[in-house]
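Worksheet: one structure, shown below.
All of the numbers you see were taken from the coordinates with simple rules; none came from a lab. Worth saying up front: this structure is predicted, and the values here are computed from it rather than measured. Glycine gets a Cβ as well: all are built from the backbone with ideal geometry, and neighbour counts include every protein chain shown.
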Amino acid sequence: MSTVHIATGAGRGMGRACADRLAPTADVLVVVDRDETALGAAADALAGSAARIVPVTLDVTDAAAVAALADQVQGLGDLSGVAHAAGISPTMADWRAVLDVDLVGTALLIDALTPLVTPGTAMVCFASMAAHLMGLAGPTDPAIDAVLDDPRAPDFLERMREAGGEGIEEPGIAYSYAKRGVQRLVRRTAIAWGPRGGRINSMSPGLIDTPMGRQEFDHQPVMAVMLEQTPLRREGSADELAAVVAFLCSPEAGYVSGTDVLVDGGCVAAMEAMVAGPTPGG
Ligand SMILES: NC(=O)c1ccc[n+]([C@@H]2O[C@H](COP(=O)([O-])OP(=O)(O)OC[C@H]3O[C@@H](n4cnc5c(N)ncnc54)[C@H](O)[C@@H]3O)[C@@H](O)[C@H]2O)c1
């Protein structure tokens, strides 16, 4: 039986870098994006790789299309690695779309792929250091977490608005909650997949040099402050993040499941230290 990897958001940025990293380690690589032109260019560039490349244009918020993707994958072979990088950032859309794409879309993909999980299946969902930085503003409201933990509810967005109040309409706040929701969803899914030999983790990138990263940098002055604070004093590259995803999808990471891997050059640690102030002994 052939092995099949999936890379979503493969048209550009980190999803594209994940496709490059995953292509040598499966018989088939299904590349997914809603941007047909970018996806076509990525598929062309990947055409020389060992894996057979199967491009699928879809929007991850389209439940029927995501279910059809799972059917297609099942027909291609055994599901092996999944890098789910498709997502949008606060300057790209309003709060509803941010929660819908980044959290509900992730839940739809996990639901559709769950029946395909066999021993060795490993998925990585992209969260963000934004979810880690929420802790700087104080403890998260358990009532909001309860709503976040049910992204499949038909009235999910209305319930988030009610629990989160007006603040949730700020796309940056909605983004942080969406990514926190991804981290929590992954932990619950690891419990469900584990007995079947499947693993799932989230990865939280810091400031990464991709089209999205550049757009946020251009529109949000706080990004420059965070870059200045980042101990490594630079952004990460898409390939540095994809290397971690490839590891998490590989048998080398066979005992890693239900966790979040923060890949941020030390930014969250530095931001926490900055907010906490000087400590005795430095
Ligand atoms: N770049 C950063 O600094 C950064 C930091 C933290 C987290 N992230 C997260 O990492 C992931 C990848 O980010 P990136 O920087 O590579 O982004 P990017 O914008 O450069 O690429 C994202 C890709 O996803 C696709 N996409 C967006 N919405 C989609 C949808 N609904 N259905 C299908 N495809 C869709 C886009 O067409 C695009 O090709 C995202 O989830 C993002 O939130 C990025």
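Quick look at the numbers
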| read-out | value |
| --- | --- |
| Residue among Glu228, Glu252, Glu169, Glu162 that is touching a Lys or Arg at 6+ places or on another chain (Cβ under 9 Å), surrounded by fewer than 20 Cβ atoms within 10 Å (Cβ to Cβ) and among the charged types (D, E, K, R) | Glu169 |
| Any hit, the stretch 234-246, residues being more than 25 Å from Pro119 (Cα to Cα), away from the ligand (no atom under 12 Å from the Cβ) and of a type outside the set (Val, Ile, Thr) | yes |
| Conditions (1) under 17 Å from the mean Cα position of the chain (by Cα); (2) among the basic types (Lys, Arg); (3) more than 12 Å from the ligand (Cβ to nearest atom); number of the one not met by Arg34 | (3) |
| Inter-residue pairs, beta-carbon under 9 Å, first without any contact (Cβ under 8 Å) to a residue 60 or more places away in the chain and in the stretch 1-26, second of a type in the set (S, T, N, Q) and not in a strand (DSSP E or B), 6+ apart | Gly11/Thr37; Ala23/Ser49; Pro24/Ser49; Ala26/Ser2 |
| Qualifying residue in the stretch 115-127 (condition: surrounded by 22 or more Cβ atoms within 10 Å (Cβ to Cβ), within 16 Å of the ligand (Cβ to nearest atom), of a type in the set (A, V, I, L, M, F, W, C) and assigned to a helix (DSSP H, G or I)) | no |
| Qualifying residue in the stretch 144-152 (condition: without any contact (Cβ under 8 Å) to a residue 12 or more places away in the chain and touching a helix residue (DSSP H, G or I) at 6+ places or on another chain (Cβ under 9 Å)) | yes |
| Meets criteria (more than 9 Å from the ligand (Cβ to nearest atom) and part of a helix (DSSP H, G or I)) for Leu69 | yes |
| Residue within the stretch 271-278 that is under 20 Å from the mean Cα position of the chain (by Cα) and of a type outside the set (S, T, N, Q) present | no |
| Some residue of the stretch 96-117 being more than 22 Å from Gly172 (Cβ to Cβ) and over 19 Å from the mean Cα position of the chain (by Cα) | yes |
| Residue count for the stretch 72-99, restricted to those that are more than 14 Å from the ligand (Cβ to nearest atom) and closer than 19 Å to Val186 by Cβ | 3 |
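Conditions (1) assigned to a loop (DSSP other than H, G, I, E, B); (2) over 14 Å from the mean Cα position of the chain (by Cα); (3) of a type in the set (Phe, Trp, Tyr), marked per residue:
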{"position": "Ala190", "(1), (2), (3)": "no, yes, no"}
{"position": "Gly194", "(1), (2), (3)": "no, yes, no"}
{"position": "Met203", "(1), (2), (3)": "no, no, no"}
{"position": "Arg214", "(1), (2), (3)": "no, yes, no"}
{"position": "Met226", "(1), (2), (3)": "no, yes, no"}
{"position": "Pro231", "(1), (2), (3)": "yes, yes, no"}
{"position": "Phe247", "(1), (2), (3)": "no, yes, yes"}
{"position": "Tyr255", "(1), (2), (3)": "yes, yes, yes"}
{"position": "Val268", "(1), (2), (3)": "no, yes, no"}
